[in-house]
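**Q** Take a look at the following structure, please.
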Amino acid sequence: MSANSNLGADDYGGSKFSRTVRKCNNFRSTPAAVLLVSTMAVFADTVVYGLIVPFLPAILQDKLGMSSSANGILFGCFGIGVLVGAPVSAYISDRWKIRKWPMIIGLIGLGATSVFFAFADAFWELVVARLAQGISSGITWAVGLGMIAD
């Protein structure tokens, strides 16, 4: 008698567990699941953007001693990043028929660049962080809306 003989049929690989896994796998491919994932990704992107924008002038003036015109440069960097990230990721995800990995890369990139932005000590670091945030945001939006369109 093995050590695993005390486990019931429902614990590992049994009927109850496998039914739950099957239901989850079936739900993953439904339009509702795609809409939920895309909406959550776009929401996460919007929340990050909404959290950073109000503090930008204070960061520039208090921490770096810069004028508020530098704020416009950072907004422009974000826009340039979106302009680069969205078309490239849309082309790749449509051409290769993949949506999962570009979405994951965009969300991880958004989190990583937000952390980089939070710990930036120089203006050039803020510029790089905002460019990368824009690219990540463009990926998230383009792939997320592409998932909904499919």
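The values are calculated or read from the model by the stated rules, or taken from the named source; none is laboratory data. Please read these numbers as outputs of a predicted model, since none were measured by experiment. Backbone-built Cβ (ideal geometry, glycine too); neighbour counts: all protein chains shown. Please note that ligands, DNA and RNA were not included when accessible areas were found on the heavy atoms of the full protein model with its side chains. Shrake-Rupley method; radii C 1.70, N 1.55, O 1.52, S 1.80 Å.
**Q** Surrounded by fewer than 18 Cβ atoms within 10 Å (Cβ to Cβ), free of Cβ contacts under 8 Å to residues at least 24 places away in the same chain, hydroxyl-bearing (Ser, Thr, Tyr) and over 17 Å from residue 147 (Cβ atoms), is that true of residue 29?
**A** No; evaluated as a whole, the condition is false for this residue.
**Q** Please work out which one of (1) modelled with pLDDT under 90; (2) within 17 Å of residue 43 (Cβ to Cβ); (3) not basic (Lys, Arg) is the condition residue 106 fails and give its number.
**A** Condition not satisfied by residue 106: (1).
**Q** Out of (1) in contact with a Leu (Cβ under 9 Å, 6 or more places away or on another chain); (2) within 29 Å of residue 28 (Cβ to Cβ), the odd one out for residue 80 is which?
**A** Only one criterion is unmet by residue 80, namely (2).
**Q** Then there's this: Please go through (1) open to solvent by less than 80 Å² (accessible area, probe 1.4 Å); (2) in a helix (DSSP H, G or I) for residue 65 and return the number of the only condition it doesn't satisfy.
**A** (2)
**Q** Return the residues of region 70-108 that are open to solvent by 80 Å² or more (accessible area, probe 1.4 Å) and closer than 18 Å to residue 125 by Cβ; say none if nothing qualifies.
**A** Within region 70-108, 73, 80 qualify.
**Q** Something else about it: Select from region 113-143 the residues that are small (Gly, Ala, Ser) and touching a residue at least 24 places away in the same chain (Cβ under 8 Å) and write down the one among them that is nearest to residue 76 (Cα to Cα).
**A** Among those that are small (Gly, Ala, Ser) and touching a residue at least 24 places away in the same chain (Cβ under 8 Å), it is 134.
**Q** How many residues are open to solvent by 20 Å² or more (accessible area, probe 1.4 Å) and within 23 Å of residue 92 (Cα to Cα) when one looks only at region 114-145?
**A** Going through region 114-145 one residue at a time, the tally reaches 7.
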